[in-house]
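A short write-up of the structure that comes next.
Laboratory data are not the source of any read-out in this text; all were calculated from the coordinates shown. Just so it is clear, the structure is predicted and the values come from calculations on it, not from any experiment. Reconstructed Cβ throughout: ideal geometry from the backbone, glycine too, with neighbour counts over all protein chains shown.
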Amino acid sequence: MPPRLGLILAANRVYAAFQAAVARMDKSLNPRDTIWRLQNHVFALSDLVYLIHIVNSAFWLVIMRVPGFPLKLFIPVLHIGLLLVPFTSQFFLPALPITTYLITFYSSQFIPNNRRPSIYVSVLPTLESVLFGANISDLLTRYTHPILDVIAWLPYGVGHFTVPFIVAIFLWLFRPKQALHLWGRAFGWMNFVGVVTQIIFPCAAPWYEVIFGLTPAEYSMKGSPGGLLRIDNLLHSHGYTIAFSNSPVVFGAFPSLHSACATMEALFLAHFFPQVAPFAWGYAAVLYWATMYLTHHYLIDVVGGSCLAIAFFYFFLPDDLKGPFATASPTGVLANGSAHYNGHGNGRSKYEIYDIEEPHLDGDGLSYELSSDAGSDEEDTGIAYRSPGMNGGSWDPPNSAMPLIGPGAKQARRTHKHTASIASLIRADDRVEDGWSPIGNGTFVFPPTPTRSERDVR
């Protein structure tokens, strides 16, 4: 296939998926719809997680100094408004863990210095030397080159801020909404726990060792762009210098959230889009190297961030999104064409759910084989197929039932419990003469009443 034609087909597929995704969206702008859903919601123990969001946000809003009061009150008002409107809540409600992480990351800079723990300067390089036999991150910075700078900059300085949105968009377009909600939970809580760890266990990055050695650090010190300073010089700008100098978390080397995010992105892409797994893990490997090459993290930080991502991915991954259900389309169709009911992944048909035999094609239409279990007792035998001459469990079906009995009638099979309503009416005209048929010549025939002499004779 020519490359141009392949690009056109890919673009058409993305456009068709976008149209379908927009059609599936809740387009209501009425907050009453959300309030009505909240009133009819059956609260469970898992809903206590929203209490964590409320308490965490309230705590950081209190200590937040920029913007000051009362401007900072617009943050919760705006967020509540986005959650009340159905059109926006379908995105912002699953993204609550991400917004919780963002407000924690930003507001942590306002924690009073006298309330912060001591900064660890030598712990990470010591651990790296002990665990890996050498200071690997220092060895990777011995040789630098502009080409290597650009290769490291693209995933670390660009991909880190854009790839999460790309993963979310592809999950929204091509996978059930449960996958997108899983992305919000796993990605958000992973970053939240990572930031909290950095606040509780502050550690200096390799750039600090390069500039200040192993001298004690203070919170009043500004952050450094490290190797990204060469990118600023290459682009004739000061963007990364300004960004890292004003970073809310200056001493947040462990764990590396850059490597954690790359690992989480690779896990999601490899799980839900297996065809791109080599590219996803290749991107993650380059970013692992970039974090150390740019003097922002030690190898122990990279390992810690990756372990954090793996733990949160498999902790939140439900059974409904494992196996073949991971590649199901948003409409619930699996890769092999079978149904993925309701997007919940039970994968069972209605015949399996109700424990009955599935019809199969026979000729031009559906054929249902009626059968009976030869080993069942009289109560389990359809009344239309009981013979007056049953001996020892064997029976001969009456002629009236023969048209309904297939060649496999005597095979043991799990099927419906048959009733006599239809079978007893077949060939009922032949039974009118016996005086008991319910449909004889369009009238109901009652059995003759015996006389007293006839009863005495009997």
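Annotations
- The phi torsions of the stretch 65-75, fed into the Karplus equation with coefficients 6.51, -1.76 and 1.60 and a -60° offset, translate into couplings of 10, 10, x, x, 6, x, 4, 5, 5, 5, 5 Hz, rounded to whole numbers, with Gly and Pro shown as x.
- Neighbour counts of other Cβ atoms within 10 Å put V14, V286 in the fewest-to-most order V14, V286.
- Near the amide H of G252, within less than 5 Å, lie the amide hydrogens of C203, all on another chain or at least 5 residues away, with H placed in the peptide plane.
- Sorted by Cβ density within 10 Å, fewest first, the residues F59, F69: F69, F59
- For the stretch 21-38, 3J(HN,Hα) per residue [Karplus equation, 6.51 cos²θ - 1.76 cosθ + 1.60, θ = phi - 60°, Hz, x = Gly/Pro]: 5, 5, 5, 7, 6, 7, 9, 6, 10, 8, x, 5, 5, 5, 5, 5, 5, 5
- Ranked by how many other beta carbons lie within 10 Å on average, peptides 122-129, 173-180, 242-249, 29-36 from highest: 173-180, 122-129, 242-249, 29-36
- Burial ordering of E218, E209, fewest other beta-carbon atoms within 10 Å first: E218, E209
- At R0 = 25 Å, FRET efficiency that the Cβ-Cβ distance of H79 and V22 yields, to 0.05: 0.55
- Taking each residue as 0.36 nm, the span from N246 to T144 lengthens on full extension beyond its C-alpha to C-alpha distance by 34.1 nm.
- Local electrostatic count, Y106, Cβ distance below 14 Å [Lys/Arg +1, Asp/Glu -1]: +2
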